[in-house]
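Asker: Just dropping this structure here.
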Amino acid sequence: MADSNIEIGDIHWLMAILQNIDVGLVVLDRNYNIQLWNGFMESHSGLSPQVVSGQNLFDQFHEIPRDWFMKKAEPVFQLKTRTFTIWEQRPYLFRFKNYRPITGRASVMYQNTSIIPLESIDRSVNHICLIIYDVTDIAVSRADVETAQQSLSERNRTDILTGLNNRSYWQEEADIIYRQCQNTGVSSTLLMLEIDDFRNLQRSRGHRTADEVIRSLSHCLMETVQQEDLLCRYDGEVFALMLNGVNSDDARIYADHICKRASEVCFEPIGEGITLSIGMATFSTSYNGVDDWLQAADKAMYHARESGGNRVSVFASGSK
Amino acid sequence: MTDTATVSLNEDQRDCYQELTNVAMGQAADRLARLLDSYVVLPIPKVNLIEANDLRMAIQEVETESAMSAVCQGFIGSGIAGEALLLFNDTSFSDLANLMNYDGELDRHGQLELLMDVSSLLIGACIQGIGEQLEIHFNQGHPVVLGQHCRVDELLQNSVNPWTKTLAIEIHYTMEQANIDCDLLLLFTEDSVAKLNNKINFLLD
């Protein structure tokens, strides 16, 4: 096209393209006065070319920070190079409404822009062209993906009934604590807690009530643990609690407390307290991984249950 | 079709690419220095054929070392396509902020702002300079910041056009009076290399 002779008729349809193309085109002179304003810009801003022509960009559009914009535009004048802005930097240059005002989920139009040099016949750059692209859909779907990923990862680590951590997430985190114990020598204590006679409860009061009891107990536990502790619903009516950085004496006090409290607190669905069998195992270098540690606490819990429940048993190494 | 597009590069061609980049950088450096008010040390570009694995490793480094940032930008003109990749050492941010007279906070957003400004300048200057000598008008896409929103390894794995070996021009920028350290990689698609070599051969004759 560059070497062909453009006739008046051609200019007419070239102008029509410029006017109708669905990207924003703005030409600015060296003082940032608006020289060209295409149909896209007119439609979205509500300002006709007659109104904005010759006006200073920054006076007309206060949403564009002068210093910021000049940092992008000056190199275009001086180096004759293009510069770009993307929506991650600044969601938009011109504050336009979303192109889909009814079904669109963002209130504004997200924009990418290119700033390109326009050479004069003497090859100097006295004008630059701003090209505005609507990238709202990209920005919105990016945000959707991020939200989805976040809720997926939350869902992946949560027990649905209680909202506590689930077992697999707990085990990953417990493994970190296990290794900390190994490396730092600071001891932590693992508790396994089981509701006594849960099967009976289920049979006599129904599954729904039994579920309510599990949920109430999890609230009760959540109220008493510290932030650095790690609690999960391990399985059915069994909870696992890692008391991070707590030695066996303090853990014992805590375990006795929780055992007593559960029996005293009135669990609304059944109108009375419940009793727990709690197994306790403090970190020992003899544990070959967090599974070993869990098994020790589990054995202690079994012992508590077999001794009639409503009590705390401590795992002593050497015990079977 | 014997379109096995084996990418090759002889010594003359390599020198030519190097010279081409040198000239482009020379033109750009002068203007950059004026804009930044600091002298840009003219780098000697390295021209190599690199394997996909080399690139993957380079980019993965960006992912694992949080102290690196990267921007990539596609360019295309006269059927020659490629991507510019700017790898940026994060320790340079504070010096860069001084240089660019950036007075905002250097948080994630501030860094993105700087990264975009610098990549626009460096990538633009280089591509434009090369394009002018070869009489190719390159169009440039919008820059994409790697590692912030996408996982880099996936980015390369899912590449629609698997390639094994391609032409890379590597420019290591440093700046006088400032601790600035970044690498610009110009990567061309396999099928572009043949076309580029044609253009180069024309210059060599």
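Asker: With respect to residue B:123, is the statement that it is under 19 Å from residue B:200 (Cβ atoms) and modelled with pLDDT of 80 or more true?
Answerer: Considered against the rule, which asks whether it is under 19 Å from residue B:200 (Cβ atoms) and modelled with pLDDT of 80 or more, residue B:123 comes out as no.
Asker: Now for a different question. So residue B:132 fits all but one of (1) of a type outside the set (Val, Ile, Thr); (2) surrounded by 18 or more Cβ atoms within 10 Å (Cβ to Cβ); (3) modelled with pLDDT of 85 or more; what number is the exception?
Answerer: (2)
Rundown of residues vs (1) surrounded by fewer than 16 Cβ atoms within 10 Å (Cβ to Cβ); (2) over 32 Å from the mean Cα position of the chain (by Cα), yes/no style:
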site	(1), (2)
A:81	no, yes
A:92	no, no
A:97	yes, no
A:112	no, no
A:121	yes, yes
A:127	no, yes
A:131	no, yes
A:145	yes, no
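Asker: Among what's in segment B:8-22 and is in a helix (DSSP H, G or I) and of a type outside the set (S, T, N, Q), pick the residue that is farthest from residue B:133 (Cα to Cα).
Answerer: Per the criteria, the residue is B:11.
Asker: Please indicate, with yes or no, whether at least one residue in segment B:45-52 is assigned to a helix (DSSP H, G or I) and touching a residue at least 24 places away in the same chain (Cβ under 8 Å).
Answerer: yes
Asker: If a residue must be within 17 Å of the chain's Cα centre (by Cα) and either assigned to a loop (DSSP other than H, G, I, E, B) or of a type in the set (D, E, K, R) (or both), how many such residues does segment B:166-205 contain?
Answerer: 5
Residue by residue, here is whether (1) more than 9 Å from chain B (Cβ to nearest Cβ); (2) not in a helix (DSSP H, G or I) holds:
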residue: A:36; (1), (2): yes, yes
residue: A:43; (1), (2): yes, no
residue: A:70; (1), (2): yes, no
residue: A:73; (1), (2): yes, no
residue: A:89; (1), (2): no, yes
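Asker: Let me ask something additional. Evaluate segment A:211-225: report whether one residue or more is more than 30 Å from the chain's Cα centre (by Cα), surrounded by fewer than 20 Cβ atoms within 10 Å (Cβ to Cβ) and assigned by TED's automatic domain parsing to the domain that holds residue A:164.
Answerer: no
Asker: Next question. Among the residues of segment A:241-251, is there at least one that is charged (D, E, K, R), over 30 Å from residue A:209 (Cα atoms) and over 36 Å from the mean Cα position of the chain (by Cα)?
Answerer: Yes, some residue in segment A:241-251 is charged (D, E, K, R), over 30 Å from residue A:209 (Cα atoms) and over 36 Å from the mean Cα position of the chain (by Cα).
Asker: Taking the conditions exactly as written (under 28 Å from residue A:112 (Cα atoms), modelled with pLDDT of 80 or more and either surrounded by fewer than 17 Cβ atoms within 10 Å (Cβ to Cβ) or within 14 Å of another protein chain (Cβ to nearest Cβ) (or both)), does residue B:159 satisfy them or not?
Answerer: no
Asker: Among the residues of segment A:108-163, what is the count of those that are in contact (Cβ under 8 Å) with a residue 40 or more places away in the chain, among the hydroxyl-bearing types (Ser, Thr, Tyr) and outside the structural domain of residue A:97 (by TED's automatic domain parsing)?
Answerer: So the count comes out to 1.
Asker: OK, next. Just for strands (runs of 3 or more DSSP E) wholly inside segment A:94-205: which have at least 3 residues that are under 21 Å from residue A:25 (Cβ atoms)?
Answerer: A:111-119, A:125-134
Asker: Another question, if that's okay. Checking residue A:96 against (1) within 11 Å of another protein chain (Cβ to nearest Cβ); (2) touching a residue at least 24 places away in the same chain (Cβ under 8 Å); (3) not charged (D, E, K, R), only one condition comes out false. Which one?
Answerer: Condition not satisfied by residue A:96: (1).
Asker: Let me ask something else about it. Tally up the residues in segment B:175-205 that are closer than 20 Å to residue B:133 by Cα and either touching a Lys or Arg at 6+ places or on another chain (Cβ under 7 Å) or of a type in the set (A, V, I, L, M) (or both), please. Even if it seems obvious, please write down each step before you answer.
Answerer: The initial filter retains those residues of segment B:175-205 that are closer than 20 Å to residue B:133 by Cα, namely B:184-189, B:192-205.
Of the ones still in play, those that are also either touching a Lys or Arg at 6+ places or on another chain (Cβ under 7 Å) or of a type in the set (A, V, I, L, M) (or both) are B:184-187, B:193-194, B:196, B:200, B:203-204.
Adding up the residues that qualify gives 10.
Asker: Now for a separate question. What is the number of the single condition among (1) assigned to a loop (DSSP other than H, G, I, E, B); (2) at the interface with chain A (Cβ under 8 Å from one of its Cβ atoms) that residue B:105 does not meet?
Answerer: (2)
The values are calculated or read from the model by the stated rules, or taken from the named source; none is laboratory data. This is a predicted model, so every value here is computed, not measured. Cβ atoms come from the backbone with ideal geometry, glycine included; neighbour counts cover every protein chain shown.
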